[in-house]
Every structure is written in C-alpha cells, then in structure tokens.
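S.K.: Sharing a structure here in structure tokens format.
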Amino acid sequence: MRDETKLLEWLEPDAAKTRQDALLRRHLKHAFEHSPYYRETLAPFAGRLSAITGDTLAELPTTDKRMFAERTQDFLAAPQREISDIVFSSGTTGVPTPVAYSRADMERLAFNERISLRACGITPDDTALITCTLDRCFVAGYAYYLGLTTLGAAAIRNGINTVESHAAVMRRLHPTVLVGVPGFLFRLGRHLHETGQSELAESVRTLVCAGDPLHDRSMRQLPVTKALESVWNAKAYSTYASSEIVTSFCECTAQQGGHLHPELAVVEILDERGNRLPVGEVGEVVVTPLQVEAVPFVRFRTGDMSFLIDAPCPCGRKSVRLGPILGRRNQMMKVRGTTVYPAAFLNALDAIPGVAASFVTVRGGEDLSDRVTVTAAVKDNSLTPERLSDLLFATLRLHPAVELLPEPDIMRRIYNPASHKPRRFFDEREFPR
Ligand SMILES: [Zn+2]
C-alpha cells in the first residue's frame, strides 16, 4: 500500500510538497464528497478544492473539538461496514466524543507509528514493554502496539499496572524499550533503584514518552527528562498525537522535535486570530490529516500550543519538526504583555532544588494582565518568597507572587480525590480563554 523506502520526509521540501499537495487535494475531495459536515462547510469552496495546495489551505475554514462534539455523526465519511475501531477522545465539556477509524485508517496508523518508532532507532531486535493504557477506549497504547509489532519488534502489553508488576515482567523478559508517560517511567526507574533491582534497568536503551513534553521553548531538556534519562541510562524520545488527527509525530535519534510526515498530514501553526504563523513562532497546532477515510478532518484545531523547527536535522530527514507542547490554548496567560503557560512555571519550579511541592493559580487582573501566584512548600529555609520569585525570574523573566504553605496542605490541593490526575494549575479567571 505504501512504499516505506521512499518516505517524503527524506525529500527536498519542494519535491515533498508537490506530492503532498496531490494527497491534500485527494483528501479534500474525499471529505467533501463523503462527509455531510464537509459537504456543507466546503460547499462555498467547491469550485476551488481541486486547486488548493498546502500554501492556500488557509482559505478553508478550521474546525475544533467543540464542533466535532456537536456534529460527530456528520463528520463521518465512511459507511458503517468499513468502521474497524472506535475510541473516545476527551471532549471540551468532560463528555468524551467517539472517533471512528476504518480498516484502512488502522493500517495508516500502524504505518505512521512504524516509521516514527524506526526513526528513534527501534528495530526488529527490540522488545518493548508498554506501560500505558491499551484499552478503555484510548488509542495511544494500541497505536504503539501496532507500530512496534508491524516493524517487527516484540511488544509486552502490561499496560497500566503497578511498578511492582512491571518490575516482575522486566525480570523475566529484559525489555530494551519502555513506552509510557515520562513521570511514570521515572517512578518505575526509581523504584528499581530503591528496591535493589537496578540490574533490571540495564537492558533498557530507549524510552518512548507519551503525554507530556520533554523539552522547553528553547528545546532544552526539562528537569524530568534529565532525571528520566539518568535513572535509566537511556535516551528519552517525545511523541505527540491525538485521537482526532490519527497522526503521531515522534522524535528521531537527534531528540530535537518530532518530524512531520508529509504524506500523513499538513501541519499549520495559527495565532489567536487564526492567521498562519511562520516557523519558530508559538501558536495553536492545526492539523489536516491526509489519507484518512472515516473522519477526514480539514484544519482541525488541536488546542495545543507549539511551534515548528526547520533547522537541519543531523538525521538527514528534510521535513520540519514539531516542538514540545507548551500548553493548552485555554491555559494561556498574559502577564504584562508576555504570553506564558502554566507548564513553564511548573517546570521552572521543578528545577529549583529545595522546592518540595508547588502549584500555580491565575486570577484576572484589573488591566489586561493576568495575576499569577505560585504556591510552594520548601525544604530549604533560605527559600523565602522573594528569593523564589527571583529564581523564577531567572528562567521566566517574570516576577510572580509567591506564597509558602506546608507540604501537606499543597498535596491536599494537588491530589483532590474527585479528580484522577494530580492538578497543579488552577484557573480562577472570570473568563478563562
Ligand atoms: Zn531528525
């Protein structure tokens, strides 16, 4: 179906673009002809669809999670008998939205994951332990499984499990690759060291990370990434994907952003007003997946904020790369004219030795500036609120208000029994974005 020896990411950008434009026009035709939603919204552009290119794609309207949740059935462009897999994506209102994939979409997904995982050095000789969810209507763990097994590696589907369970599996099977969320992979590594089982870490050379970014805005490794690579003595690679766009981007062995695959998606970065931004500038990631049958999105606004990188990559691939996800669009804060995301504060706090726990609160200001407060517990008494604010300024160029609280009070706030995940950002603005 696809020639894997001639991937467009190796071609000079102009040559790749010509091939991509042909795939884009085929995608637009399919969406217009088979999805009721696109028959309606692309109707005013019907005469021009066959002339659209990656450069003129911005003439067409965008769509987002909210619209998809409202009109899920209308997006469908494949008959029921072609549907092979249905997952749920997180909705905007807390109600998940079903996303359907056809049999060809699943093959495309396997292809996407296979070329991504090969790029970070995984081969048929590898054995990979998957520590993220493979079921519960999520796609990510299963997508990794498809990629690993179709490239010829062996997969161990231990999925969401305790560190003890993963350690027991590792003792029997000596995996060379671990797949999971960076925070969890770090805990697993630390567990092995703390329980005198360090030798189990020796077989591992590759960490494929999902969910959270590994780099900051300047492409420097985050503290969690350094800790992760050090506890495993292995390389950590970032991946980014979402269930709607059915496309994933994984870092190559150079670890400098996820290569785009021109045959699988057109990626744009948009500013707040929907204008396309040049390479290097931070905006919302907007993806038009190509060769997708069942739900063929056109210009899907992911809500994730990032930027593109076009500096030459040592691996030799010519495609631009997607940087780390810096935050969600609706978490964006404006502080005295500077745009900043909660993750930047949390990463800066995590890098300060002596800070035991912390969270960030944003409230609306009287002018157009948001007011950010950092709440921290410290193990080091020299870390006064003023000193912490100065240390944060060194990284963020902003002086947030800082208040100190005992660690148990902070932990109670972060680990609210009503929510499944620890929460370290509280948005108390009257009109959050
Ligand atoms: Zn590369």
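S.K.: Highest mean first, what order results for 231-240, 181-190, 164-173, 349-358 on Cβ atoms within 10 Å?
M.R.: Details: 231-240: 21.8, 181-190: 20.1, 164-173: 15.4, 349-358: 17.4.
Packing order, densest peptide first, comes out as 231-240, 181-190, 349-358, 164-173.
S.K.: What is the sum of charges, Lys and Arg at +1 and Asp and Glu at -1, for the other residues whose Cβ falls under 12 Å from the Cβ of Gly280?
M.R.: Summing Lys and Arg as +1 and Asp and Glu as -1 gives 0.
S.K.: If you don't mind, there's one more thing I want to ask. Roughly how many Å is it from the Cα centre of the stretch 94-169 to that of the stretch 350-412, as a whole number?
M.R.: That distance is 37 Å.
S.K.: For Lys318, what residues show an amide H to amide H distance below 5 Å, using hydrogens built from the backbone and excluding near sequence neighbours?
M.R.: Answer set, sorted by chain and number: Trp10, Leu11.
S.K.: Sticking with this one: Is it possible to state the helix-based mean residue ellipticity at 222 nm for the chain, with each DSSP H run of 4+ residues giving -39500 (n - 2.57), the sum divided by total residues, to the nearest 500 deg cm²/dmol? What is it?
M.R.: Details: 12 runs with 129 residues, N = 433.
Mean residue ellipticity at 222 nm (helix-derived): -9000 deg cm²/dmol.
S.K.: Using θ = phi - 60° and the Karplus form 6.51 cos²θ - 1.76 cosθ + 1.60, what ³J(HN,Hα) does each residue of the stretch 371-386 get, whole Hz, x for Gly and Pro?
M.R.: 9, 9, 10, 9, 10, 9, 10, 10, 9, 10, 5, 6, 7, 7, x, 5
S.K.: May I ask you to derive the relative contact order of the stretch 332-427, considering only C-alpha pairs under 8 Å and at least 6 residues apart, and to give it as an integer percent?
M.R.: On the way: 156 pairs, mean separation 26.9, N = 96.
That works out to 28 percent.
S.K.: Give a residue-ordered list of calculated ³J(HN,Hα) values for the stretch 25-41 (Karplus: 6.51 cos²θ - 1.76 cosθ + 1.60, θ = phi - 60°; whole Hz; x for Gly, Pro).
M.R.: 5, 5, 5, 5, 5, 4, 4, 5, 7, 10, 9, x, 5, 7, 4, 7, 7
S.K.: Near the amide H of Ala356, under 5 Å away, which other amide H atoms are found, from residues 5 or more places off or on another chain, if H is placed in the peptide plane?
M.R.: It is Ala377, Val378, Lys379, by chain and number.
S.K.: Given a cut-off of under 8 Å on Cα pairs at least six residues apart, what relative contact order in percent is computed for the chain? Please list the in-between numbers first.
M.R.: Working: 859 pairs, mean separation 57.7, N = 433.
Result for the chain is 13 percent.
S.K.: Separate question: Using a Debye calculation, one point per C-alpha and no hydration shell, please list log10 I(q)/I(0) for the chain at q = 0.08, 0.10, 0.12 Å⁻¹ in order.
M.R.: The Cα Debye sum returns log10 ratios of -0.47, -0.75, -1.08.
S.K.: Here is a further query. Only four residue types carry charge here, +1 at the Cβ of Lys and Arg and -1 at the Cβ of Asp and Glu. Report the dipole size of the stretch 332-427 about the Cα centre in Debye, rounded to the nearest 20.
M.R.: Numbers: 12 positive and 11 negative charges, 56 e Å.
Computed charge dipole of the stretch 332-427: roughly 280 debye.
S.K.: Same structure, new question: Treating only the Cβ atoms of Lys and Arg (+1) and Asp and Glu (-1) as charged, compute the dipole magnitude of the chain about its Cα centre; round to the nearest 20 debye. Can you show the working numbers first?
M.R.: Values: 51 positive and 52 negative charges, 38 e Å.
That gives the chain a dipole magnitude of about 180 debye.
S.K.: Let me ask something else about it. My understanding is that a pair violates if its Cα-Cα distance is over 23 Å; which of Lys235/Lys334; Lys17/Lys318; Lys65/Lys421 do that in this structure? Present the calculation step by step, with values, prior to reporting the outcome.
M.R.: Numbers: Lys235/Lys334 35 Å; Lys17/Lys318 11 Å; Lys65/Lys421 21 Å.
Result: Lys235/Lys334 exceed 23 Å.
FYI, it's all coordinate maths here, none of it is from the lab. Note that the structure is a prediction, hence the values are computed from the model and not measured. Every residue, glycine as well, gets a Cβ built from its backbone with ideal geometry; the counts of neighbours run over all protein chains shown.
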